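Before any comments, here is the structure.
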Amino acid sequence: MELQNTVKDALNALYHHPDDTVRMQADRFLQNFQRTLDAWQVADNLLHDPSSNLETLIFCSQTLRSKVQRDFEELPPTAFRPLRDSLNNLLKMFHRGPPKVRTQISIAVAALAVHVPAQDWGDGGIVKWLRDEMDSNPEYIPGFLELLTVLPEEVLNYKIAARPERRRQFEKELTSQMEVALNILTACLSIAELKEQVLEAFASWLRLKHGIPGSVLSSHPLVLTALSNLNSELLSEASVNVISELIHYTTAGNIDGVSTNAPLIQVIVPHVMNLKSQLSDSTKDEEDVKAIARLFADMGDSYVELIATGSDESMLIVHALLEVASHPEYDIASMTFNFWHSLQLNLTRRESYISYGNEACIEAERNKRLQVFRPAYESLVSLVSYRVQYPEDYQDLSSEDLKDLKHTKFAVADVLTDAASVLGGDATLKILYMKLVEAVSGNSSNEQKEWRPAEAALFCIRAISSYVSVVEAEVMPQIMALLPKLPPVPQLLQTVCGTIGAYSKWLDTAPCGLSILPSVLDILMNGMSTSEECAAAAALAFRHICDDCRKKLCGCLDGLFHIYNRTVSGEDSFKVSAEDSLHLVEALSMVVTELPLDDAKRALEALCIPVISPLQEAINQGPESLSKSSCRQLTIHIDRFAYIFRYVKHPQVVADAIQRLWPIFKAIFDVRAWDMRTMESLCRACKYAVRTSGRFMGLTIGAMLEEIQSLYRQHHQPCFLYLSSEVIKIFGSDPSCADYLKNLIEALFHHTTRLLTNIQEFTARPDIADDCFLLASRCIRYCPQLFIPSPVFPSLVDCSMIGITVQHRFTVYKLWHHLHGKRACMEFFVRYNRYIVT
């Protein structure tokens, strides 16, 4: 009794005390109380206590529900029947409410049924027990109906701590009693005020997806009641839920679900089709229209294989789905998007036509179906393209609204690619081009209104770029000619830049591509100086253009370097971020790759000049100033070198460049070796120089390895080990490098094995462990003749034995690192064993 009063006091404090500290203490006490064994009896007593207020009833019903779900095994086996009887009494007590309390108790009884096998409930399990209770106590039917509703829902409630085999058995028990459950619900139909509750319970049982044949359901009173009440003001929502579940029911259970349930489908489809006129009824409530649209979307998703045959009956459903797609509310129209995707897959994939035998028949049937659905997808393109348009009040949009608009654009882009798969990219492009022409020619007197439909049309044109032929010569030249004439609104210019980048392959292939490139580059320059978003899109487009049109652009180096220098130097008029400037570094590097060797050497020097200057300036200010510089000031420029070395595919030219640059790199190595971020950036640049230059690096590689070897003794940066593993890959089998590689291996492993002497050290230094054993496995693969006889090898084997025993008992972040370290150890052993065998 004392504990009951304490719980009541805590609840009163939680809900009514003015002091936050007291409320937090009360909340903590109540949470701890719910985990105790006493919570069973206290919650039960307070629920039976007539003096308990609503707050107490809700808390105790939730407590009892969670105890049954999670802690049932706390109770002895003999507790089942008293608990069931108590819950049954509570269900009767609260059969008229409060609804929240009744729902929690119903879930508790259902959870009890998940735990306890059917035979313990008596003959037939909980469903027959419930039927007998309802027969004996008709006045409590509303409460029992809620229990009947939640029972099948608990099959997939994984909050219940039941074993998987028991959960599967519970589902079988319910399925075997589905007919009994539906008989109970049918009997309750005669009570007018319970019809809605009966239909919701029926929908819940249909989610089990099997149990009664479709031929039986097609004439079942519950089904007929739902169909007849689709237009009912009171029961339409519950009826829609039932019909939606019935649609899913007809396609579930077995491979031939649709054909097996044909009688039920033939009953459902005409009734749903009769609702089509309501989709455009302006007097209907939006929620009612949404419910009807959901039924058409469910039919489309479920019967897509039947619809894909292109029969007259199936086309009626397609036209209804087009009407849903045309609804002004995006939430309603988007319900059909999954259907158009599924239909596209069914129409275009060869697997859909296997039954037609030979290739000629397959191709003939495929072309026939594509022609049948062509008008539907043409209409779809027109219907969805305007949905990506910025709203008139776009300037007032919140960040959440902008995020929603972005998601809408992506979803519409997916629909357009589905349409392009059916219609072909060129045909889809023509439809969207007409939208663009309409947008540009209309509202010509008001540029601020003009840009939004034009931007929408261009976004859609960009979305289908990968489906448009690179030799398309009718529409694309006209689109490219329109782009410079569009108003310089930032949102529109951003999309224009994105469209240019998307069609870079077309620009390379088109006969007029070379003449278009100057105007295209001018647009991208404007984009880079308009806004950060525009600049990002323009920089990415510039990279695509230089990648795909690199041979055409070899003669335009002066113009390209003008853009590059302005961007990399951080000119105020350009708004390209440091991260996006890497796109331009990559772009110019790819063009330089296409140049002859001598020209490439000069171009690479020009490419490096704006990157060298700030680093040289920082070094010239002295070691103290360089040491105090922020990491970001250095890594911005070093990362650009990494991109240059990675994408200029002239090994000798890159080798010469790294030789000239080595004094700068060495100065940074010497002064900033303590700085992990700077070292990682610098090692990344060296890695790409080694990969690209290979054996052209000559003396520079020796100086680089000597530097790493020396600095690793003091600073133990993991990236030094990783860079060394890259060098081993390239030079490991080169006899001329054997001496300094042998010294490198012995020095690095000697220091690393002294660091990793126990499990705690592996835990504290996961990156070193990972990169150490990556280096070891590469040594075994590329230079075993140097590594295996080395005096450090036995120590490394001992060290790897410790690494394999690392237990993953910490945070997820450390677990990931440990897994990497352990996997590296295992890879080392695998390679070692292979070496011993051979």
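The values are calculated or read from the model by the stated rules, or taken from the named source; none is laboratory data. Every value quoted in this text rests on a predicted model; they were computed, and no experiment measured them. Cβ atoms come from the backbone with ideal geometry, glycine included; neighbour counts cover every protein chain shown. SASA here: full protein model, heavy atoms, side chains in, ligands and nucleic acids out. Shrake-Rupley method; radii C 1.70, N 1.55, O 1.52, S 1.80 Å.
Just to be sure I understand the filter: pairs with C-beta atoms under 7 Å, separated by 6 or more residues or on different chains, first member in segment 71-83 and of a type in the set (S, T, Y), second member open to solvent by less than 40 Å² (accessible area, probe 1.4 Å). Which pairs pass? Nothing qualifies.
Per this entry, D734 is not counted among residues that are more than 24 Å from V654 (Cβ to Cβ), out of contact with any Cys (no Cβ under 6 Å at 6 or more places or on another chain) and surrounded by fewer than 23 Cβ atoms within 10 Å (Cβ to Cβ).
Would you be able to say whether some residue in segment 677-694 is open to solvent by less than 80 Å² (accessible area, probe 1.4 Å), in a helix (DSSP H, G or I), on the phi > 0 side of the Ramachandran plot and not charged (D, E, K, R)? Within segment 677-694, one or more residues are open to solvent by less than 80 Å² (accessible area, probe 1.4 Å), in a helix (DSSP H, G or I), on the phi > 0 side of the Ramachandran plot and not charged (D, E, K, R).
Among all residues of segment 34-49, there is none that is within 20 Å of K159 (Cβ to Cβ), open to solvent by less than 20 Å² (accessible area, probe 1.4 Å), in contact with an Asp or Glu (Cβ under 7 Å, 6 or more places away or on another chain) and assigned by the TED database to the domain that holds E2. Taken together, the residues in segment 232-248 that are in contact (Cβ under 8 Å) with a residue 12 or more places away in the chain and either in the same structural domain as I292 (by the TED database) or among the polar types (S, T, N, Q) (or both) amount to 4. Among residues of segment 392-437 being more than 26 Å from L345 (Cβ to Cβ) and in contact (Cβ under 8 Å) with a residue 60 or more places away in the chain, the one that is most open to solvent (accessible area, probe 1.4 Å) is E392.
Scanning segment 118-155 for residues that are under 16 Å from T175 (Cα atoms) and open to solvent by 40 Å² or more (accessible area, probe 1.4 Å) turns up Q119, D123, K128, R131, E153. Checked against (1) surrounded by fewer than 22 Cβ atoms within 10 Å (Cβ to Cβ); (2) touching a Phe, Trp or Tyr at 6+ places or on another chain (Cβ under 8 Å); (3) in a helix (DSSP H, G or I), V470 meets all criteria but (3). Which of the following residues is under 30 Å from V381 (Cβ atoms), acidic (D, E) and modelled with pLDDT of 90 or more: E286, E323? Just one listed residue meets the conditions, E323. Does any residue of segment 51-69 turn out to be at pLDDT below 85 and not polar (S, T, N, Q)? No: zero hits. Here the condition is being of a type in the set (A, V, I, L, M), under 20 Å from D639 (Cβ atoms) and open to solvent by 10 Å² or more (accessible area, probe 1.4 Å); of A703, A667, A747, A764, it holds for A667 alone. E196 passes every criterion in (1) modelled with pLDDT under 90; (2) assigned by the TED database to the domain that holds T175; (3) buried (at least 16 other Cβ atoms within 10 Å of the Cβ); (4) not hydrophobic (A, V, I, L, M, F, W, C) apart from (1). The combined condition, being out of contact with any His (no Cβ under 8 Å at 6 or more places or on another chain), hydrophobic (A, V, I, L, M, F, W, C), in the same structural domain as S342 (by the TED database) and part of a helix (DSSP H, G or I), is not fulfilled by V437. If the condition is being assigned to a helix (DSSP H, G or I) and either open to solvent by 10 Å² or more (accessible area, probe 1.4 Å) or closer than 24 Å to G732 by Cβ (or both), then segment 641-652 contributes A642, Y643, F645, R646, Y647, P651, Q652.
Listed here are the residues, each with its yes/no results for (1) open to solvent by 30 Å² or more (accessible area, probe 1.4 Å); (2) within 26 Å of S232 (Cα to Cα); (3) in a helix (DSSP H, G or I); (4) in contact (Cβ under 8 Å) with a residue 40 or more places away in the chain.
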| site | (1), (2), (3), (4) |
| --- | --- |
| I292 | no, yes, yes, yes |
| F296 | no, yes, yes, yes |
| G300 | no, yes, yes, yes |
| S314 | no, no, yes, no |
| L321 | no, yes, yes, no |
| D331 | yes, yes, yes, yes |
| F337 | no, no, yes, yes |
| Q344 | no, no, yes, yes |
